[in-house]
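Enquirer: First the structure, which I've put down as C-alpha cells, then a few questions once you've had a look.
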C-alpha cells in the first residue's frame, strides 16, 4: 500500500486509512493523538493484544462490543473477573473469542492495578518510554523501536501478557507517544500541535 493516499475530500492522508471505510474517522480523530487517560491506554493495549494474528479492521469494527464486554476497559472492574466471566466472554459473538487473549486482559488488569499503586497512574509509567523526536525513523517504515522493545520488556517483566514489541509499537503510534503520520498527511501537523500542547503525565503522588 502507498505511504499516502488522497481521500474523498481531496486531501492526502496516510495510505492505510483508505483500506476500510471505518479507518478514515479513526485516522483523523484518534490515531496519533496523545492520550493520558488510563482506561484508554489500557483499552488500546488490550485491543492490540486481541489483534495479534488478525487485522485492525476486525478489532475496530468490534470495538464497541469489546467495550461493553469489558466494562469500558475499567481495569479495576476487570481485575475481579473469574472463570465464569471467561466462559461468558467465550460465548460472546461480538468479540474475538480467544481464551488466551481474554485471560490476558484479566491478568493485565491486575498488573495495571499494581502499576498504578506503584507509579500513580498507568500513563505516568507508559509516557516515560516516549522516544525523543530526533531518534525516530521515517514514519511507518518500521514495526518496532528501541523504546517499544524496552517498554515491552518491562511490561513482560511485570507479568503482562500479549505485549510484544510490535504490539507495543502499534500502541505507541496510536496513543501519540510518536507522530507516525506520513509527512504529506493532512493530519500530521494537527497531531504535532496536539503533542506540543500535551502535558506529559508524571507521578500523581
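Enquirer: Would you pick out the residues in the range 60-70 that are part of a helix (DSSP H, G or I) and either loosely packed, with under 12 Cβ neighbours inside 10 Å or touching a helix residue (DSSP H, G or I) at 6+ places or on another chain (Cβ under 9 Å) (or both)? Please lay out each step first, then the result.
Expert: Start the filter on the range 60-70 by keeping residues that are part of a helix (DSSP H, G or I), which leaves 60-61, 63-69.
Within the range 60-70, 60, 61, 63, 64, 66, 67, 69 qualify.
Enquirer: Can you tell me which residues in the range 129-141 are surrounded by fewer than 17 Cβ atoms within 10 Å (Cβ to Cβ), touching a helix residue (DSSP H, G or I) at 6+ places or on another chain (Cβ under 9 Å) and modelled with pLDDT under 70?
Expert: Correct list: 135 only.
Enquirer: Select from the range 108-126 the residues that are touching a residue at least 24 places away in the same chain (Cβ under 8 Å) and farther than 17 Å from residue 36 by Cβ and list them in ascending order.
Expert: Keep residues of the range 108-126 that are touching a residue at least 24 places away in the same chain (Cβ under 8 Å), which gives 108-116, 119-124, 126.
Scanning the range 108-126 gives 108, 109, 110, 111, 113, 114.
Enquirer: Given the conditions (1) assigned to a helix (DSSP H, G or I); (2) out of contact with any strand residue (DSSP E or B) (no Cβ under 9 Å at 6 or more places or on another chain); (3) over 24 Å from residue 121 (Cα atoms); (4) at pLDDT 95 or above, report the number of the one that residue 22 does not fulfil.
Expert: Condition (4) is where residue 22 drops out.
Enquirer: Being surrounded by fewer than 16 Cβ atoms within 10 Å (Cβ to Cβ) and either at positive phi or touching a helix residue (DSSP H, G or I) at 6+ places or on another chain (Cβ under 8 Å) (or both) is the filter; apply it to the range 8-19 and report the residue that is modelled with the lowest pLDDT.
Expert: Looking at residues that are surrounded by fewer than 16 Cβ atoms within 10 Å (Cβ to Cβ) and either at positive phi or touching a helix residue (DSSP H, G or I) at 6+ places or on another chain (Cβ under 8 Å) (or both), I get 10.
Enquirer: Additional query: From the list 126, 116, which one is modelled with pLDDT of 95 or more, touching a helix residue (DSSP H, G or I) at 6+ places or on another chain (Cβ under 9 Å), over 18 Å from residue 49 (Cα atoms) and assigned to a helix (DSSP H, G or I)?
Expert: Working: 126 fails: over 18 Å from residue 49 (Cα atoms).
Selected residue: 116, the only one of 126, 116 that is modelled with pLDDT of 95 or more, touching a helix residue (DSSP H, G or I) at 6+ places or on another chain (Cβ under 9 Å), over 18 Å from residue 49 (Cα atoms) and assigned to a helix (DSSP H, G or I).
Enquirer: In the range 160-197, what count of residues is obtained for those that are farther than 19 Å from residue 45 by Cβ and either under 12 Å from the mean Cα position of the chain (by Cα) or assigned to a loop (DSSP other than H, G, I, E, B) (or both)?
Expert: Taking the range 160-197 as the starting set, the residues that turn out to be farther than 19 Å from residue 45 by Cβ are 179, 181-197.
Okay, now just the ones that are also either under 12 Å from the mean Cα position of the chain (by Cα) or assigned to a loop (DSSP other than H, G, I, E, B) (or both), so 179, 181-187.
So the answer is 8.
Enquirer: If you don't mind, there's one more thing I want to ask. Just to check your reading of the model, which residue among 63, 88 is within 19 Å of the chain's Cα centre (by Cα) and free of Cβ contacts under 8 Å to residues at least 24 places away in the same chain? Let's see the steps before the verdict.
Expert: Numbers: 88 fails: within 19 Å of the chain's Cα centre (by Cα).
Result of the check over 63, 88: 63.
Enquirer: Specify the residue that is surrounded by the fewest Cβ atoms within 10 Å (Cβ to Cβ); the eligible residues are those in the range 25-54 that are in a helix (DSSP H, G or I), without any contact (Cβ under 8 Å) to a residue 24 or more places away in the chain and out of contact with any helix residue (DSSP H, G or I) (no Cβ under 6 Å at 6 or more places or on another chain).
Expert: It comes out as 29.
Enquirer: Assigned to a helix (DSSP H, G or I), touching a residue at least 12 places away in the same chain (Cβ under 8 Å) and either at negative phi or within 16 Å of the chain's Cα centre (by Cα) (or both): is that true of residue 105 in this structure? Please lay out each step first, then the result.
Expert: Numbers: assigned to a helix (DSSP H, G or I): yes; touching a residue at least 12 places away in the same chain (Cβ under 8 Å): yes; either at negative phi or within 16 Å of the chain's Cα centre (by Cα) (or both): yes.
Taking the combined requirement at face value, the residue satisfies it.
Enquirer: Moving to a separate point now. Please determine whether any residue of the range 71-89 is modelled with pLDDT of 95 or more, surrounded by 14 or more Cβ atoms within 10 Å (Cβ to Cβ), in contact with a helix residue (DSSP H, G or I) (Cβ under 8 Å, 6 or more places away or on another chain) and under 22 Å from residue 27 (Cβ atoms).
Expert: yes
The values are calculated or read from the model by the stated rules, or taken from the named source; none is laboratory data. The structure displayed is predicted, hence computed values, not measured ones. Here the Cβ is made from the backbone with ideal geometry for all residues, glycine too, and neighbour counts use every protein chain on show.
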